[in-house]
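Contents: one structure, followed by commentary.
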Amino acid sequence: MRKQDEVRTVIHTAVHARDFLSLRAVVDSLDASLLVEIEKAWVHRELESLRAEWEADRALQEATAELSAALESDDLAVLETAAERGREAGVGQDLLLEAAERLASLYEERERQQRANAAWKLVYGAIEAGNVDKLVKLLETVKEDLTPEKLIFAQKKIPSMQALAALRKEIALVMRAPDVQHIKHLIFSAKGSCLPQGEVAALEEKLKEMQIAVAVAKEAEKVQQAAKVKQDEKTGREASIKELADGLSQAAKSGKTDEIRQALNKLKASGLSAREVHGFYTRAMEAAKTSR
């Protein structure tokens with residue numbers, strides 16, 4: 001009887017204190033023969049009730065600890081999960097309100113970062129493309145979304161990009177109406193700029209083509225001039241010989257030996273061969289005979 005009373009006292013004390021662990025320890029070591037059936041049923045109900053309370057309390061403590069830790073981090077996903085578990089576990093309203101405010105702040109920061117990333121993607125794309133007009137317009141539109149460092153970086157790119165755009169425009173113009181000296185000047189300017197090496201190489205190749213074309217044109221002009229001089233000389237010589245031949249014909253018609261001799265000497269002095277001079281003489285004499 002005394003043993004039964006002691007067991008009943010321990011059980012009632014644990015139930016009254018809502019001490020699940022103590023009650024479970026008693027039940028685990030309990031000699032079932034010490035309690036009547038109705039007492040066993042009551043103990044079982046109280047044990048399950050306390051188990052539910054204990055598990056709910058443990059879940060609350062774990063959720064509170066998890067949410068408190070999540071509030072110290074900047075991980076949005078972790079805080080969202082912890083806040084949801086906290087609501088389910090019945091965490092205090094003050095902690096849930098703090099979590100809601102922190103989530104709102106992180107949502108805003110995420111959206112700001114997304115805007116910043118999207119803005120920088122556009123700005124950097126304009127820089128990479130060398131499109132200074134687009135860059136200037138973009139900075140007016142999205143400068144509030146960029147970090148100060150990236151805004152300054154982009155703004156510092158504008159002068160060099162403008163100079164590069166002007167250089168490319170000048171190159172495009174000179175390519176349509178090439179000029180050797182102008183291209184040489186552009187190559188010098190391009191090498192001192194940030195113009196891609198491929199574009200500089202294209203300019204240098206164009207210069208080589210033009211220099212070759214100029215050299216060919218000069219050589220062709222020399223050949224043409226030499227041919228003209230030679231033709232002029234030939235024409236002049238032919239006219240001179242014709243004049244001398246006409247003089248021989250006139251001398252032959254006159255029949256004067258001295259005049260014929262003088263005309264022949266002039267033909268010989270012109271550089272004609274003896275055969276050519278003889279031919280002119282023969283034709284002149286035959287023409288003179290025919291005309292008499």
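Every read-out reported here was derived from the displayed coordinates using simple, explicitly stated rules and does not represent laboratory data. As the structure is a computational prediction, the values presented were derived from the model and not from experiment. Neighbour counts run over all protein chains shown; Cβ positions are idealised from the backbone, glycine included.
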TODO: Round to the nearest 10 and give me the degree value, 0 to 90, for the angle of helix 132-142's Cα axis relative to the longest principal axis of the chain.
DONE: 20
TODO: Give me the Kirkwood hydrodynamic radius of the chain, using the inverse of the mean 1/r over all pairs of distinct Cα atoms, in Å to one decimal.
DONE: 32.1
Open item on the list: Please compute one quarter of the surface area of the Cα convex hull for the stretch 1-91 and express it in square nanometres.
Closed with: 7.0
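Before rounding to the nearest 500, sum -39500 (n - 2.57) across all DSSP H runs of length at least 4 in the chain and divide by the residue total; then give [θ] at 222 nm in deg cm²/dmol.
Details: 11 runs with 253 residues, N = 292.
Result for the chain, helices only: -30500 deg cm²/dmol.
Work out the FRET efficiency for Lys230 and Ser270 from their Cβ-Cβ distance, taking R0 = 22 Å, and round it to the nearest 0.05.
Approximately 0.80, to the nearest 0.05.
Mind checking the alpha-carbon convex hull of the stretch 92-161 and giving the volume per residue in Å³?
Details: hull volume 4.9 nm³, N = 70.
In the stretch 92-161, the Cα convex hull volume per residue is 70 Å³.
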Open item on the list: Can you compute the modelled spin-label distance between Arg110 and Arg24, with each label point 7 Å from Cα toward Cβ, in nm?
Closed with: 3.7
Open item on the list: Considering the Cα positions of the stretch 56-98, please state its Rg to one decimal place and its Dmax as a whole number of Å.
Closed with: 9.2, 28
TODO: Name the most mobile residue of Ala83, Ala220, Ala119, meaning the one with the largest mean-square fluctuation, in a Gaussian network model of the chain with Cα contacts below 10 Å.
DONE: Ala220
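Rounded to the nearest angstrom and ordered from largest down, what semi-axes does the equivalent ellipsoid of the stretch 225-291 get from its C-alpha gyration tensor (root of 5λ)?
Working: eigenvalues 136, 25, 19 Å².
Gyration-tensor ellipsoid for the stretch 225-291: 26, 11, 10 Å.
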Task: Theoretical FRET efficiency, 1/(1+(r/R0)^6), r = Cβ-Cβ of Arg51 and Arg8, R0 25 Å, to 0.05 - done: 0.75
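Return the loop-located GluC sites (Glu not before Pro) in the stretch 19-116 (DSSP other than H, G, I, E, B) with at most 14 other Cβ atoms within 10 Å of their own Cβ; answer none if there are none.
Sparse-neighbourhood loop GluC sites (Glu not before Pro): Glu72.
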Open item on the list: I need to check one value: relative contact order of the stretch 119-174, counting alpha carbon pairs closer than 8 Å and at least 6 residues apart, in percent.
Closed with: 41
Open item on the list: Below 8 Å, C-alpha to C-alpha, sequence gap of six or more: please give me the relative contact order for the chain in percent.
Closed with: 8
Open item on the list: Please list, ordered by chain and number, the residues whose modelled amide H lies under 5 Å from the amide H of Gly90; skip anything fewer than 5 residues away on the same chain.
Closed with: none
Open item on the list: Output the 0 to 90 degree angle, nearest 10, between the alpha-carbon long axis of helix 274-291 and the longest principal axis computed from the alpha carbons of the chain.
Closed with: 60
